[in-house]
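Reading through the structure tokens given below for one structure.
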């Protein structure tokens, strides 16, 4: 379950980097805001959870477009400036959320209390199974969009060679907006999926975005297949280490593994795939 949620986050980060060459550290804030959208949609307004997920995808997606058009578009060619801008904006938005939503964590009602019995005596909460299925569905939808639709092929062309794609009639700015919308929407979906399982607070996105960057570094920066592989590797290490050890030790193990990967394969496990 954690791997699939990491995968949604990492695919969004990879999409933004591949299409626009931007390392977007506001992705963790978008994850956090996606959780708050679900909270207010489901708890305060009373909407069904699926409708809340749709609102989370749309609202956070359009917020990503605003961030791009308001700040990142003017500095898109300078990766370092964009990195500094997104780091600063992430800190600002976290503290604004702290003021608006209060420091107290909020909870979304559980989706289901049922337990599904699997093979070999393994039991899995139905709530977690729902999260896994929804995350997997969005992953499949993204890969279908990228590989079997005209906008998806345009995004892949822009990622390979922006100038050549523009010479073939691809409107790069429209593709940048679409890529930012989809990537940000995936972060909102990830936050919305985790909201019923864990509490929502102003700073919950910090650890998530750090682990997501670990994922893409392990798998290979700019590689969609690498993001998928990296998410399952990091998710597995996270789950095992935090189950049998403490959270701090688990974080240490993840970074130790990341350092090892970067020493052996500096460009990641599946760079270029």
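Values in this text are rule-based calculations from the coordinates and carry no lab data. Quantities reported herein were computed from a predicted structural model and do not represent experimental measurements. We place every Cβ from the backbone using ideal geometry, glycine too, and count neighbours over all the protein chains shown.
Brief remarks on what is shown
- Sorting 31, 36 from the fewest to the most surrounding beta carbons within 10 angstrom yields 36, 31.
- Proportion of all alpha-carbon pairs of the stretch 52-114 beyond 13 Å (%): 75
- Inter-part distance where the stretch 204-272 and the stretch 9-50 are each reduced to a Cα centre, Å: 20
- Summarised in one figure, the compactness ratio Rg/Rh of the stretch 183-273, Cα atoms and Kirkwood Rh, is 0.99.
- Residue order, fewest to most beta carbons within 10 Å, for 133, 82: 133, 82
- Annotation: the residues 107, 241, sorted from fewest to most other C-beta atoms within 10 Å of their own C-beta, follow the order 107, 241.
- Over the chain: helical MRE at 222 nm, DSSP H runs n ≥ 4 each giving -39500 (n - 2.57), nearest 500: -23500 deg cm²/dmol
- Spread of Cα-to-Cα distances over 10 Å intervals beginning at zero, given as percent, for the stretch 1-150: 9, 32, 34, 19, 5, 0
- Projected area, mean over directions - the stretch 76-194, Cα convex hull, nm²: 11.4
- Spacing of the two label points (7 Å from each Cα toward its C-beta) at residue 156 and residue 75, in nm: 3.3
- Counting all C-alpha pairs of the chain, share separated by more than 24 Å (%): 49
- Highest-first packing order for the peptide set 117-127, 42-52 is 42-52, 117-127, based on the mean count of other beta carbon atoms within 10 Å.
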